[in-house]
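J.: Mind having a look at this structure? Questions to follow.
The values are calculated or read from the model by the stated rules, or taken from the named source; none is laboratory data. None of these values were measured; they are calculated from a predicted model. All Cβ positions, even for glycine, are placed from backbone atoms using ideal geometry, and neighbour counts span all protein chains on display. For the accessible areas, the whole protein counts, side chains as well, though only heavy atoms, and no ligand, DNA or RNA atoms are used. Shrake-Rupley method; radii C 1.70, N 1.55, O 1.52, S 1.80 Å.
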Amino acid sequence: MKKILLGTFLSVAAFTAAQQETPVYLDDTKPLEERVEDALSRMTREEKVAIIHAQSKFSSPGVPRLGIPENWMTDGPHGIRAEVLWDEWYGAGWTSDSCIAFPALTCLAATWNPEMAALYGKSIGEEARYRNKNVLLGPGVNIYRTPLNGRNFEYMGEDPYLASVMVVPYIHGVQANGVAACVKHFALNNQEIDRGHVNVNVDDRALYELYLPAFKAAVQEGKAWAIMGAYNRYKGEHCCHNQYLLNDILKRDWGFDGVVVSDWGGVHDTKQSIKNGLDMEFGSWTNGLNWGASNAYDNYYLATPYLKLLESGEVTEKELDDKARRVLRLAFRTTMNRQRPYGSFGTEQHSLAGRQIAQEGIVLLRNNRQVLPVDLAKAKKILVVGENAVKPMTIGGGSSSLKVKYEVSPLAGIQARAGKEAQVSYLPGYASPAQKEQDVKDAKTPQQEAIDYAALRSEAIQAAKDADVVFFIGGLNKNEGQDCEGADRKELNLPYQQDQLIEGLAEANPNLVVVIISGNAVAMPWVNEVPAILEAWYGGTETGNALASVLFGDVNPSGKLPFTFPERLEDNAAYAVGEYPGNGEDVTYKESIFVGYRWADKQKNKPLFPFGHGLSYTTFEYGKAKADKKTMDENGCITFTIPVKNTGKRDGSETVQLYIRDKESSLPRPVKELKGFKKVKLAAGEEQLVSFTIDKQALSFYDDTRSEWVVEPGKFEALIGASAGDIRAKVTFELK
Ligand code: BGC
């Protein structure tokens, strides 16, 4: 009726247009899958092939004819990468792409606070959205198998439960902005050496119990819209086109309906990419014919070679439709979501978020004689030593390198906080050689040959004798061979002769505070000579302010280690079983499920600092733990409670950890496994009852003989404590 009436007033053309209904795919009141099918039915074969591979370093085409926009991806995972040229890795020279750098993911994991993960995801998602990126290449959740892995700083530690709990809110936060989180690198990418081809042999128990859970949580609880395949191989197939990982586990078993994005250059074969679950190809260096040619996107494995196979009838459009559907879903969830917010970039709010996360992640490893926090009423002469006090750490490290709006160095943070109350002086004490690869070249950075370590050291030690307190700020950095993509570390010890320097400083001054900035565990042969040690991670834009607020006691540290610090490399499982980095072709995870604290427990090794360890400026007392029942039904739950009291004079937060031990089992199991944690804020003198409720999932293990998770009746123990090495209470219970 309405249409007929309109017709009487309109021209014929306008009348026809008015008559046309909004196409289903453009109608956001329609269910997602209907829109996907409608869009797909309108697309040509060429259009479908076009949307599944890159058109530039970080983008892929949309369907202009249908008004479906391009996809623009960005690294990830700690901030929004600077714009690069269309077909180059070089910066595009924009003046409006300086981001806020958030702390590295190891620092986020060290907060043990899912609220911090939510804040992180929300903030970085807003930055991505403002920059018009619809896919953020992160977060990373590969398990920390060896402290030598150059990319551990981009991941969330050694424990699958901790990483699972922390990854979910990050994803929710990002995706609330209409930006897809692309969780990486799926899977078994646990070293950089030989990463492009190494074939990982891992038993199913370790695969399911350690290496997959955080990805599964990301998919099933986080509802991640994208996942990135890894460079390495598993069962002989590259992970970017891997039948077992992508088709069987990810898509079939876990029901993943998003896109599998290749790692950049991780694709090696057209037919395997078609069949084995890859959806979008990026960063390929093209095939032999046009190897390295510029703008060779048409030569991508999923470009012309795919079209040729379709034309010859060697493959049908079945797989192509599935891939295109997934890319369409991505578009409807992100670029075509008209409700998505506009985002914000480089804001004060994001700086504050980064600072808060950095502060909560800093771990107080040791604090003898209460050297920390430093009282500015007494410490009038402060000496800061170490290159990391001044070295920008948001630059370097590989693909996570950032161009930042600003970065407060530790020295600047300390100076700002001390103000006129103390005299702060600085000496380098050591130096690292210049890097060729990094985005910013600093003319002051010395060449290796030119560094006179002995002179730098003695100058610092001499000055230390005269100071009230010495802050040594060192650790690793983002140079190749340290915490950096593309290579692994060569040793557990600190580089650049820092051990000798620390020993000298400790002898020269009793009030030495060692601050390690790293994304990895380091050996500390001087541990007993140094009264106070902090692990400060890579803190991002606000790193110096965050550190200063902990050093001077404005913030009471509450971070806990997300991985074990072994005393020696020989105490790390991968190293001990002789299976790292493999033989150049294969690496076999012979230690199986015994990674990190699981290995330390099994070997009865006392680590330098255990998983979950972290002190506070106050003290916490744990009371007696109780269970609400003695026997748990198979389909029931059990609740444990424990009173925890702040017995010191300062307010503080404690992360109370629940580990479960299976006392009798048909298969070998770790001595204990993390199955719950809670971070509680306690005012001085306050006591709270902390409770944990678990079900049978927390008691189960992956039975590789049956290929399923099983739970066996019998006796279990709940171990509650302040770290994996500091269990304060136990309760025994039984599963019927
Ligand atoms: C890295 C990815 C990254 C990609 C794009 C690769 O080298 O492994 O993590 O997202 O490059 O920069």
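J.: Are there helices (runs of 4 or more DSSP H) fully within region 239-335 with at least 2 residues that are under 26 Å from the mean Cα position of the chain (by Cα) and on the phi < 0 side of the Ramachandran plot? List them. Outline the logic, then answer.
T.: Working: elements: 270-275, 304-311, 318-333.
Hits in region 239-335: 318-333.
J.: Filter region 687-724 for residues that are in contact with an Asp or Glu (Cβ under 8 Å, 6 or more places away or on another chain), open to solvent by less than 80 Å² (accessible area, probe 1.4 Å) and assigned to a loop (DSSP other than H, G, I, E, B) and give the result.
T.: 704, 707, 711, 712, 724
J.: Okay, moving on. Does at least one position in region 603-613 carry a residue that is touching a residue at least 40 places away in the same chain (Cβ under 8 Å), at positive phi and not assigned by TED's automatic domain parsing to the domain that holds residue 360?
T.: At the first step, the residues of region 603-613 found to be touching a residue at least 40 places away in the same chain (Cβ under 8 Å) are 606-613.
Remaining after also requiring at positive phi: 612.
Keeping just the survivors that are not assigned by TED's automatic domain parsing to the domain that holds residue 360 gives 612.
Yes.
J.: Looking at region 191-208, which of its residues are away from the ligand (no atom under 13 Å from the Cβ) and either open to solvent by 10 Å² or more (accessible area, probe 1.4 Å) or assigned to a loop (DSSP other than H, G, I, E, B) (or both)? I'd like the intermediate steps shown before the answer.
T.: Step one: list which residues in region 191-208 are away from the ligand (no atom under 13 Å from the Cβ), which gives 193-194, 197-208.
Within region 191-208, 193, 194, 197, 198, 199, 201, 202, 203, 204, 205, 208 meet the criteria.
J.: A follow-up question, please. Of the conditions (1) out of contact with any strand residue (DSSP E or B) (no Cβ under 8 Å at 6 or more places or on another chain); (2) closer than 16 Å to residue 258 by Cα, residue 53 satisfies every one except a single condition; which number is it?
T.: Of (1) out of contact with any strand residue (DSSP E or B) (no Cβ under 8 Å at 6 or more places or on another chain); (2) closer than 16 Å to residue 258 by Cα, only one is false for residue 53: (1).
J.: So which residues in region 644-678 are open to solvent by 30 Å² or more (accessible area, probe 1.4 Å) and either assigned by TED's automatic domain parsing to the domain that holds residue 208 or in a strand (DSSP E or B) (or both)? Even if it seems obvious, please write down each step before you answer.
T.: Applying the first criterion (open to solvent by 30 Å² or more (accessible area, probe 1.4 Å)) to region 644-678 yields 645, 647, 649-651, 661, 663-669, 671, 675, 678.
645, 661, 675, 678, listed by residue number.
J.: Identify all residues within region 231-283 that are open to solvent by less than 10 Å² (accessible area, probe 1.4 Å), hydroxyl-bearing (Ser, Thr, Tyr) and within 15 Å of the ligand (Cβ to nearest atom); write none if there are none.
T.: The answer is 262, and nothing else.
J.: With respect to residue 463, is the statement that it is at pLDDT below 95 and open to solvent by less than 40 Å² (accessible area, probe 1.4 Å) true? Spell out the reasoning first.
T.: Details: at pLDDT below 95: no; open to solvent by less than 40 Å² (accessible area, probe 1.4 Å): yes.
The answer is no for residue 463.
J.: Just to verify a result, which residue in region 106-146, among those that are outside the structural domain of residue 71 (by TED's automatic domain parsing) and assigned to a loop (DSSP other than H, G, I, E, B), is most open to solvent (accessible area, probe 1.4 Å)?
T.: 113
J.: Out of all the residues in region 355-376, is one or more exposed (fewer than 14 other Cβ atoms within 10 Å of the Cβ) and of a type in the set (Gly, Ala, Ser)?
T.: Scanning region 355-376 turns up no residue that is exposed (fewer than 14 other Cβ atoms within 10 Å of the Cβ) and of a type in the set (Gly, Ala, Ser).
J.: Would you be able to tell me the number of residues in region 125-176 that are within 14 Å of the ligand (Cβ to nearest atom) and more than 30 Å from residue 599 (Cα to Cα)? Show your work before the answer.
T.: Narrowing region 125-176 to residues within 14 Å of the ligand (Cβ to nearest atom): 128, 133, 135-142, 149-155.
In the following step, the residues that additionally are more than 30 Å from residue 599 (Cα to Cα) were identified as 128, 133, 135-137.
Total meeting the criteria: 5.
J.: Would you check if there is a residue in region 176-186 being of a type outside the set (S, T, N, Q) and open to solvent by 10 Å² or more (accessible area, probe 1.4 Å)?
T.: Filtering region 176-186 down to residues of a type outside the set (S, T, N, Q) leaves 176, 178-186.
Next cut, open to solvent by 10 Å² or more (accessible area, probe 1.4 Å) only: 176.
Looking for residues that are of a type outside the set (S, T, N, Q) and open to solvent by 10 Å² or more (accessible area, probe 1.4 Å), one finds at least one in region 176-186, hence yes.
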